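The values are calculated or read from the model by the stated rules, or taken from the named source; none is laboratory data. Fair warning: this is a prediction, and the values are worked out from it, not measured in the lab. In this analysis, Cβ positions are derived from the backbone assuming ideal geometry, glycine residues included, and neighbour counts consider all displayed protein chains. Surface areas here come from the heavy atoms of the whole protein model, side chains and all, with no ligands, DNA or RNA. Shrake-Rupley method; radii C 1.70, N 1.55, O 1.52, S 1.80 Å.
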Amino acid sequence: MAIEDQTSVAPATTTGTAATAPARSRLRGNLGVASIVFMVVAAASPLGVIGGPVPLGIAIGNGTGFPFTFVIATVVLLLFAVGFTTMTPYVKSAGAFYSYVDRSLGRAAGLGTGFAALLSYITLEAAVFGLIGPGVGSLLGSYGVPSIPWWIYAAVAFGVVVFLGYRNIELSGRVLAVLLVAEVLIVLVLDAVIVFGGSTPEGLSTGIVTPSAILSGAPGIGILFAILSFIGFEATAVFRDEARDPDRTIPRATYLSLVLIGVFYALSSWALISAVGDSKAVTTATAHGGTLLADVTQRYLGTVGEHIIQVLFVTSLFACILSFHNIVSRYVFTLSGRAALPQRLGHAHARLGSPHRASVATGVVVGVLLLAGVVTGLDPINQFYTWLAGFSSVGIVLLLGITSVAVLVFFGRNRGTGVSLWRRAVAPALGLAGLLLFLVLILQNLPTLVGGSVPLAVGIVVLLLAAFALGPVVARVRAHAGVAPEDAEG
């Protein structure tokens, strides 16, 4: 069956009681490959990962073999990206997961996917405020500033994020570029001093290439922390409307983001282990995981380097929050244009070309989550961050798997595309198999991620399933009410 390009589909119109969705302006921007890569890699928070999930992966995962898990995760996600980017020219709207599933599996499945994606990203954005508040407090405390509640610092960061989200995407892109370059450079400098300085206690680590080390401990948990570190890479497609030549820009940005993130994580985690020594890596990461990066930096770069790392750790978290805020705002914008959310949120700012209303609405929801965490007295890191991040991890991997299925179904129905068997079937199928394995590992370890609470872990899964189930319900209600969503061109 030949593919019907969505650009040729006329907007739906109805008669009688049916109404046509009001026209909305499109988002505007001039993002190239580099700008989108900055946005996506910033969401991954490279410095935050090296200072957080990496010590955890070493301590309770597969020890000195942990860096190799980043290689495994990169390979699986690159396989996913083959199908994802191959389908990109046939998906003309900026909705990422939602748009791909909607194009292949239908509107009901697409809306369910969109709601689940919205929940997964918005909880992750809120979660990181639980890290940045204490992070800023710790940083300022090291300079003698009196201690104040963590949520005050979180509230200041929240206000800046909402302001930047209201503005044009290119302003956020410039801010993220500066912050990202700074945090990556300091870690690469640290890596270089460790690797080439000749002062490692036991020489360079061999765990990354030793099968017995890679399979030691709990490699499944190691893979879990590795895959969590990539969350956000798939959001390249969210910026389609603001990208130059999106059919080329989006695939290039996706591949480049994955490769850069994977190489950076594997190299830096290997260097961190080398700095401690293979024989002491697990015990040190277990006893001093929260300060491992700062301790190693102080040893190899001195006190000045340690202070720089502390500052950039906070800015890395801010960049992560800003990136996810932009992603969530664009999901709200797209779903509003499809009449799945209030349609007034799906209008771009007349002058800025930004999803200003969607950004404010996103800020309101995140603000409510933050307020709930403060009022209930949740610990910002061990409870607020961990629980919400656990929710996101399940949601994103599940969404990646569903999108892989959508790619396989789409090209299975449209064989006359001229796309190679590798790109339309083999690579997506292999990626799906890897993602299903990751999902099983995450579900097995989910209670650990949410503080050991099995009921809370079950509740997360139920809530995500409810979000998916909401899609068919909304699609039916909208159709019954005679509300016609915009076509895929928006």
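Which option, (i) 38; (ii) 27; (iii) 23, is the value of percent of Cα pairs over 38 Å apart that was calculated from these coordinates?
Only one option fits the structure, namely (iii).
With every protein chain left in place, what is the accessible area of Leu139 in Å² (1.4 Å probe, nearest 10)?
20 Å²
Mind giving me the nanometre distance, one decimal, between the label points for Ser138 and Arg244, set 7 Å out from Cα along Cα→Cβ?
The answer from the label model is 4.0 nm.
For the stretch 50-173, what mean projected area does the convex hull of the alpha carbons give, in nm²?
Values: hull surface 46.0 nm².
Convex hull of Cα atoms, orientation-averaged projection: 11.5 nm².
Estimate the FRET efficiency between Phe196 and Asp295 by the formula 1/(1 + (r/R0)^6), using the beta-carbon distance for r and 22 Å for R0, to the nearest 0.05.
Rounded to the nearest 0.05, the efficiency is 0.65.
Taking the chain as the reference, fit the longest principal axis to its C-alpha atoms, fit the long axis of helix 246-276 to the helix C-alpha atoms, and give the angle between the two in degrees, 0 to 90, nearest 10.
20 degrees
For the stretch 185-301, what is the convex hull volume of the alpha-carbon atoms per residue, in Å³? List each step's numbers first, then the result.
Details: hull volume 16.2 nm³, N = 117.
Per residue, the Cα convex hull of the stretch 185-301 comes to 138 Å³.
Rounded to the nearest 0.05, what FRET efficiency do Val181 and Val462 have when you use their Cβ-Cβ distance and R0 = 30 Å?
Working: r = 42 Å, r/R0 = 1.38.
Calculated value: 0.10.
Taking Cα atoms of the stretch 355-395, Rg/Rh with Kirkwood Rh, to two decimals?
1.07
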